[in-house]
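> Here it is: the structure, laid out below.
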Amino acid sequence: MATKKPIVSVVLEEEINRKLKEISKEKGISVSKLVSSLLAEALYLEENVFKDEIYQDTDKLSKEWKEKLPVLFTKVLDTTPDPIWIKDNNLRYIYVNKAFEEIFGKTKDEFIGKSDIEVLPPENAKECVYTDMVAIEKDAPTQSYEKVKVNGEEKIYNVIKTPIKDKNGNLISILGIGRDITNFQKINEELEQRNKALEEAYQKLKQVYEFDYLTGFYNRGKFIEILDIHIQKLKEQENPEDEYLVLMDVCNLEHANELYGFQFGDNVVKEIARILNRISPALGEAIFGRISGRTFAMLIKPKKEITEVIKTIDNSVSDIKVILNNEVFKFSPKMFFTIRNLSQNVPLLSAENLLFCVETTMASAKESDELTNFHIIEPNKISQEDTLNKYVQLIDKFVRKNDASIKIDEIKDLQSRETKFINIVGGIHDGKRFIDVVEIYKSNIRGQNFFRLNQIFLEKVRKEVYPKLEHKAFLDIGAFIVYDSIFPESDILKNILFMKDKIIFTVCESVITNNKKAVLMIANDYNIKFAINNIGFGNTSLKNLMEFADLGILEHIKFYPEVFKKAINNNKERAFIEGIISFAKGLGIKTIATSLDTEEELEFAKNIGIDFAQGKVLEKVLI
């Protein structure tokens, strides 16, 4: 039966524990480190102070302390849960506390005067002797991690060993103190495993984010990043080597998809990528990307003339074998290349805007360059880039001023000539003319500042135009605004919701086609009305019109001005517009003709059944 501790002893232990915790908190150190420090000081005092001849003839109080000090420190050491031990300069135990006894299941008497080899399990003894020697050699406190089996369970201890010296600098003992960090270590290992899993997930995500899943080439976003780096490097060089941006369009890929299915088209893309990788050394320094479904992009520092490089690529992929459902098919890709020498007239545009610009050039070049399958953008023929750069600089200027230009037109009933609506368009002004956001978007300008211009425009409409509105208004918004509006915390969405009672939000056909889910989400979640702009320019299907009308979110459509103007003298265009008007009336959708400049155009609009119109021929209010 265990011996009960005297009440005084228990109270003393609790008081010591309380005092230790107070001091450790005050000093900002752990109890273990505090005990270690106190013990080191006690040993120093015992060896260098109380044994010194000067203190032999002390008064009664000093003698009292000489007797009490060892007892006091023994009590302190035995109450701490951390194992503490002291060895002499021969590395034999001269003291162990209760926590140390409990770990190894031995009493103090079994340790005192013994070495590690004599009392500890072999694996622990070797580690203890080694760390003792390290502490002695370093002549400073050292830290190590030691594993010990306690009641069959492996525990991990953070061990600090401190050499203790006398006043002459001679080693008299080694103080050791340990802290059980098993749970902490397990948590740390779990965190490491989770971090490893997160790192693996990040790498996979990075693969998805940076690389095209079919080809393994860089995707559009990553290719733009790399292109931007190359442009910046070229700007820093006086006489840079020739480096080319090459776009390669597989013109008949869509036909292959329609004929054999999308799996066949995917296999065509994979095979082209495989061939490009194989011939890459013969081209020079080459970086490949896939920037759209059928378009590859390349950065090439050629070993030979760029035209020869293009021929090498074209010949290599002219006839390829495609495997589908264990059958081998022959396919002849029809390629078109567009080449921009980056070293001559180093682009002033951002990489993103440059890429859009070269894509636009490629689209028009395919129609005009009928005798060849490649188009080289001449250094002195980059007017489109110059225009884009002008727009970029203007946008930057307006964004820095936190400003946007606004144009407001009246929309009138064609029969009564009464003003029924107001049309609001945002944009910039170059000092001579107003350039609206739709024109800017069509010029292929993208980027954060263009997005910010749209934000500024909306804020300005809410603060300056919305409070004065006497009629409902159409407000032209772009893809950026539609996309950002799906986020509840978006400032753009807040502005839209604030104005929705007086505003019908107008989006282009292409925005509806490419962002249909986002448009439907915004309309359904927030009861917002939309109108479709530029009907006839994009590819909105009649099915989309029907779906939007049935949901009650589409009440108006606006015709693309050029299509409308052509219809005056073109029976096919007229039949197209009349068909759309008839279909719209059946769905309860009102029609609007835009940019009417002449009385002839106005009369034509009335004759074919257009409901409303806007343009120079009608009274216009400008802000």
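The values are calculated or read from the model by the stated rules, or taken from the named source; none is laboratory data. Here the structure is a predicted model, which means the values were calculated and not measured. Every residue, glycine among them, receives a Cβ derived from its backbone with ideal geometry; neighbour counts consider all protein chains shown. Calculation scope for accessible area: heavy atoms of the full protein, side chains included, ligands and nucleic acids excluded. Shrake-Rupley method; radii C 1.70, N 1.55, O 1.52, S 1.80 Å.
> Quick one: with all protein chains in place, what share of the accessible area of segment 207-284 is carbon or sulfur, to the nearest percent (1.4 Å probe)?
49 percent
> I would also like to ask the following. Using all Cα-Cα distances in segment 86-141, what percent lands in each 5 angstrom bin from 0 up to the longest?
4, 19, 27, 29, 15, 5, 1
> Nearest 20 debye, what's the magnitude of the dipole of segment 250-304 about its Cα centre given +1 on Lys and Arg Cβ and -1 on Asp and Glu Cβ?
380 debye
> Separate question: Can you give me the orientation-averaged projected area of the convex hull built on the Cα atoms of segment 146-224, in nm²?
11.4 nm²
> What nm value, rounded to one decimal, do you get for the distance between LYS106 and GLN393 when each label is placed 7 Å out toward the C-beta?
8.6 nm
> Right, something else. Provide the solvent-accessible area of ASP314, counting protein heavy atoms only and rolling a 1.4 Å probe, rounded to the nearest 10 Å².
40 Å²
> Note down the net charge around LYS233, summing +1 for each Lys or Arg and -1 for each Asp or Glu among other residues with Cβ under 11 Å from its Cβ.
It works out to a net charge of -3.
> OK, next. Using a 1.4 Å probe, what is the accessible area per residue for segment 200-311, in Å²?
Per-residue accessible area for segment 200-311 comes out at 53 Å².
> I've got another one for you. Where only protein heavy atoms count, and the probe is 1.4 Å, what is the accessible area per residue for segment 82-179 in Å²?
52 Å²
> Tell me, how many Å apart are the Cα centres for segment 558-588 and for segment 286-319?
43 Å
> Here's another thing I want to ask about it. If you take the C-alpha gyration tensor of segment 141-299, multiply each eigenvalue by 5 and take the square root, what semi-axes do you get, largest first, in whole Å?
They are 61, 25, 11 Å, listed from largest to smallest.
> Accessible area per residue, 1.4 Å probe, Å², for segment 581-620: what's the number?
Result: 45 Å² per residue.
> Assigning unit charges at the beta carbon (Lys, Arg +1; Asp, Glu -1) and nothing else, what dipole magnitude in debye, to the nearest 20, does segment 81-148 show about its Cα centre?
Dipole magnitude for segment 81-148 comes out near 60 debye.
> While we're here: Where does each of 127-136, 272-281, 157-166 land if you order them by average Cβ count within 10 Å, highest first?
Descending mean neighbour count gives 157-166, 127-136, 272-281.
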